[in-house]
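The values are calculated or read from the model by the stated rules, or taken from the named source; none is laboratory data. What you are looking at is a predicted structure, and each value in this text was computed from that prediction instead of being measured. Virtual Cβ from ideal backbone geometry, glycine too; neighbours counted across all protein chains shown.
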Amino acid sequence: MKWLTKSPKWIDGEKRQVTLDYIAKKIKQHDLASVSVGCDSHKIGGMYIFAIVVAIYTKGYGGFFFFQRKKSKDKHLDILPVRLMEETKASIEAASQIRDLISVDRNIDVHLDINSNSKFASYPMLKPATSWVKSMGFTPVAKPYSWAASALADAFAK
C-alpha cells in the first residue's frame, strides 16, 4: 500500500502530537488498564482516510486514546474485503509496535471494523481477519464490541 500521507506522530485526545514511545510510557503507567487498537476508514473526495486508534481503558475509571491518520488513493481500496484487510493490517502493525515498546507480556486487543453478524457485508472477512490477529499474538474483537474501531477510529477517519 502506498500512503500519500501518514502522520509522523500520534495525536492525543487533546490534539497534542505525541510519539509512540510516549504512548508506551502511558500504557506502562496504567498496568491494570486494557489496551485496544483499532482502525477504520472512509472515502472522502476520492481519497481513503484511515484512522488508527490506541485506547487505554481502566474499568470504573475511564480512559484515554491516541490516533494517527493515513491517506491513500489506491483504487483497490474500493473493494470492501481489500479495505477491511488493510484496516486489519494497520491495527496489527500499531499493536506490534506497541508490544515491542512496552516489552512486557501484556494483552492487546485488536478491534476490527468487521461485523460478527452474517447479515452484514463485512462478515465474510471475519474469519480471515480474526485468524490473522490471533496468529500475531493479539486478541481479536469484532463488532458490535469493537468500539475502538467502530466508534473512535470511525470518528477520526471522517
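Put simply, of 23, 49 the only residue that is of a type in the set (Val, Ile, Thr), surrounded by 15 or more Cβ atoms within 10 Å (Cβ to Cβ) and not in a strand (DSSP E or B) is 23.
How many residues, within segment 121-154, are out of contact with any strand residue (DSSP E or B) (no Cβ under 8 Å at 6 or more places or on another chain), free of Cβ contacts under 8 Å to residues at least 12 places away in the same chain and not hydroxyl-bearing (Ser, Thr, Tyr)? Looking only at that region, the number is 2. A count restricted to segment 103-158 and to residues that are surrounded by 15 or more Cβ atoms within 10 Å (Cβ to Cβ) and in a loop (DSSP other than H, G, I, E, B) stands at 6. So residue 43 fits all but one of (1) among the basic types (Lys, Arg); (2) modelled with pLDDT of 95 or more; (3) not in a strand (DSSP E or B); what number is the exception? Failed condition: (3).
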